[in-house]
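One structure is given here, and the rest of the page talks about it.
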Amino acid sequence: MPRPAAIIPLLLKHLPKKPATVFYPFEKLPVPEGYRGRHIYHVNKCNGCSLCARDCPTGAITMVPDTRPEGQRTKTGKRPKIFLAACMFCGQCTLSCPNGAIEMTKDYELAAYSKDEMNWIEVED
């Protein structure tokens, strides 16, 4: 075990150096290219084919009834619902979707008070 006084030279050596971390959340580092964060679901691009739910390796996507008005529903009457707490952000759903209805963003701040709040953002185009 090192002596307590042995840390003083090490402390003096690192004192003039800049910090290794940033002052998060006030200062944020840029997100690298290709980062897969929170999903965006484009409601009007979806045709309800359920390929995203079928190909999801964790089973985080389920098909639920589309409750929008009759003229705006998908062809099959179902739409995907993702549970972000179970998602591993692999991006397979975006690759499987033939219409590009699911998109990965660079949003990494996904904290929530309950699991029910862990859902994706729906955008109507």
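The values are calculated or read from the model by the stated rules, or taken from the named source; none is laboratory data. Note that the structure is predicted; figures quoted are calculated from it, not measured. Virtual Cβ from ideal backbone geometry, glycine too; neighbours counted across all protein chains shown.
Name the pairs whose Cβ atoms lie under 7 Å apart, with the first residue in segment 1-27 and farther than 24 Å from Leu110 by Cα and modelled with pLDDT of 85 or more, the second not in a loop (DSSP other than H, G, I, E, B) and not hydrophobic (A, V, I, L, M, F, W, C), and 6 or more positions between them or separate chains?
Once the first residue is farther than 24 Å from Leu110 by Cα and modelled with pLDDT of 85 or more and sits in segment 1-27, no partner that is not in a loop (DSSP other than H, G, I, E, B) and not hydrophobic (A, V, I, L, M, F, W, C) comes close enough.
What's the number of the only condition in (1) exposed (fewer than 14 other Cβ atoms within 10 Å of the Cβ); (2) outside any loop (DSSP other than H, G, I, E, B); (3) in contact with a Phe, Trp or Tyr (Cβ under 9 Å, 6 or more places away or on another chain); (4) not hydroxyl-bearing (Ser, Thr, Tyr) that Arg79 fails to meet?
Checking Arg79 against (1) exposed (fewer than 14 other Cβ atoms within 10 Å of the Cβ); (2) outside any loop (DSSP other than H, G, I, E, B); (3) in contact with a Phe, Trp or Tyr (Cβ under 9 Å, 6 or more places away or on another chain); (4) not hydroxyl-bearing (Ser, Thr, Tyr), the one that fails is (1).
Being of a type in the set (Val, Ile, Thr) and modelled with pLDDT under 90 is true for just one of Thr94, Thr105, Thr76. Which residue is that?
From the options Thr94, Thr105, Thr76, the qualifying one is Thr76.
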